[in-house]
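Working notes for the structure below.
The values are calculated or read from the model by the stated rules, or taken from the named source; none is laboratory data. Note that the coordinates shown come from a computational prediction; the quantities given were computed from them, not determined experimentally. Heads up, the Cβs are rebuilt from the backbone with ideal geometry, glycines too, and the neighbour counts pull from every protein chain shown.
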Amino acid sequence: MKRKFVVNRLIISLLLFLPGITSASVTLQSALQDYFNQQYLKQDKVNIKILTPSEHLSVCNQLQIKPAPSQQHWGKLTLPLICDEKTYYLRLAVSVEGNYWVANQPIKRHSVINQHNVMAKRGLLEKLPRGIIRDIQAYQNSVSLRDIAAGQPISQNMLRRAWVIQAGKNVTVYAQGRHFQVKYEGKAINNAAENESVRLRMPTGQIITAIAQKEGYAKIALKH
């Protein structure tokens, strides 16, 4: 891949901070490319432009690339670097071409999301809304919170995960300890999706908190 930016004199003896990168002399550009490639799928195409002026870049004997403070890994962002134990902040423009999901037909509010009403599309992720969904499997059977137009990219704030436990329903609760398991029955106080906390009222009136499971029961892990 043709590099857009080469840093004269900046040769990095990279620590074993990035998986898959050996301790070898590499340019800052290639170190950044390797770092961001690991944030994406193999089929994604990642291009990086360094916005920080070259005269502001220091010569490093040892460099660590720290994760960006933001969860977003594309568009304009600032990446913390530790250069010889001193922290610098590098401004970047990261462009990513990859797959995301759109509605393949109008989806009404409260509809269930499944393979029949969505389809994959490829494009520049930095041009899309925040929270765009890339792994539709994680959102199978989620429920739309609003009407979604055909062709519209689907983002996380448009959906809620399907409830596996509903408020007011009786729920089986398992308390798991070392070498034993106790079974209770309680009534759910709130709705909960898989792996979310659910509060339950026991027959004694006691209220406990457990973790909702995919199969519709709740589990408490007892401390040993």
Just to be sure, is Ala192 under 25 Å from the mean Cα position of the chain (by Cα) and outside the structural domain of Asn117 (by TED's automatic domain parsing)?
yes
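Conditions (1) within 30 Å of Val164 (Cβ to Cβ); (2) at pLDDT 85 or above, marked per residue:
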| position | (1), (2) |
| --- | --- |
| Pro69 | no, no |
| Tyr88 | no, no |
| Glu97 | no, yes |
| Asn114 | yes, yes |
| Ile132 | yes, yes |
| Asp147 | yes, yes |
Kindly indicate whether Ile207 is in contact with a strand residue (DSSP E or B) (Cβ under 6 Å, 6 or more places away or on another chain), within 22 Å of Gln72 (Cβ to Cβ) and either hydrophobic (A, V, I, L, M, F, W, C) or loosely packed, with under 15 Cβ neighbours inside 10 Å (or both).
no
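With respect to Gly168, is the statement that it is touching a helix residue (DSSP H, G or I) at 6+ places or on another chain (Cβ under 6 Å) and free of Cβ contacts under 8 Å to residues at least 60 places away in the same chain true? Let's see the steps before the verdict.
On the way: touching a helix residue (DSSP H, G or I) at 6+ places or on another chain (Cβ under 6 Å): no; free of Cβ contacts under 8 Å to residues at least 60 places away in the same chain: yes.
In short, no.
Just wondering, is there one or more residues in the stretch 142-157 that are within 30 Å of Pro106 (Cα to Cα) and among the basic types (Lys, Arg)? Give the steps one after another, and end with the answer.
Taking the stretch 142-157 as the starting set, the residues that turn out to be within 30 Å of Pro106 (Cα to Cα) are 142-157.
Adding the requirement that they be among the basic types (Lys, Arg) leaves 146.
Yes; the residues of the stretch 142-157 include at least one that is within 30 Å of Pro106 (Cα to Cα) and among the basic types (Lys, Arg).
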Test set (1) touching a Pro at 6+ places or on another chain (Cβ under 9 Å); (2) modelled with pLDDT under 95 - Pro153 fails condition number:
(2)
Among all residue pairs at least 6 apart or on different chains, which show Cβ distances below 7 Å where the first residue, located in the stretch 127-152, is under 13 Å from Ile113 (Cα atoms) and the second is modelled with pLDDT under 90 and in a helix (DSSP H, G or I)?
Ile133/Tyr139
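Results for (1) surrounded by 15 or more Cβ atoms within 10 Å (Cβ to Cβ); (2) farther than 30 Å from Arg201 by Cα, shown as yes or no for each residue.
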residue: Ile107; (1), (2): yes, yes
residue: Met119; (1), (2): no, yes
residue: Arg122; (1), (2): no, yes
residue: Leu125; (1), (2): yes, yes
residue: Gln140; (1), (2): no, no
residue: Val143; (1), (2): yes, no
residue: Gln152; (1), (2): no, yes
residue: Ile165; (1), (2): yes, no
residue: Gly177; (1), (2): no, no
Residues of the stretch 195-224 being more than 26 Å from the chain's Cα centre (by Cα) and at positive phi, which ones?
Gly205
